[in-house]
Amino acid sequence: MNSNILEKIDMRIQLYIDEDAMAKVLINGLRARGIDVVTVFEEEMTGCTDDEQLEFASSQKRTLYTFNVGDFCRIHKEYLTLGKSHAGIVVVNRKRYSVGDQIKRLSELIHTKSAEEMSNNLIFL
């Protein structure tokens, strides 16, 4: 395989879906589009705090996807204030988009931004 292709694959955003957002149809839809996604349940992280979820996602170089807008906006601000790093956060209001729209928008994000560009950023879907 061409090394440029490998570099692009390594730079793709990988998602970590938290408890609020982990609908089976969403996960299956993302995976069907070739998106690397794991869930809180698969990683045996259910019941952990939001801070622990973000720390885990970052340790795995995964961007966290959540419906928990308020808490993760606050945590993101705390990280910036303390000079801590994370692998990115994508937030969306639960009722704003259908599952199909979430899949489409996440897919567009993953195909237009690199993992490096997501680092220490919070994006509203």
Taking the chain as a Gaussian network, Cα atoms linked when under 10 Å apart, which of 16, 97, 65 shows the biggest mean-square fluctuation? 97
Scan [x] 2, 11, 23, 24, 21, 11, 5, 2, 0; [y] 2, 9, 15, 16, 13, 10, 8, 7, 7, 5, 3, 2, 1, 1, 0, 0; [z] 2, 9, 14, 14, 17, 15, 13, 7, 5, 3, 1, 0 for the value of P(r) over Cα pairs in 5 Å bins from 0, in percent calculated from this model and give just the label. [x]
If each K or R counts +1 and each D or E counts -1, the residues other than residue 108 whose Cβ falls under 14 Å of its Cβ total +3
Given a Förster distance of 22 Å, report the FRET efficiency between residue 41 and residue 82 from their Cβ-Cβ distance, rounded to the nearest 0.05. 0.15
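Values quoted throughout were computed directly from the atomic coordinates according to the rules given, and no laboratory measurement underlies them. Owing to the predicted nature of the structure, the values given are computational and were not obtained by experimental measurement. FYI the Cβ positions are ideal-geometry reconstructions off the backbone, even for glycines, and counts take in every protein chain you see.
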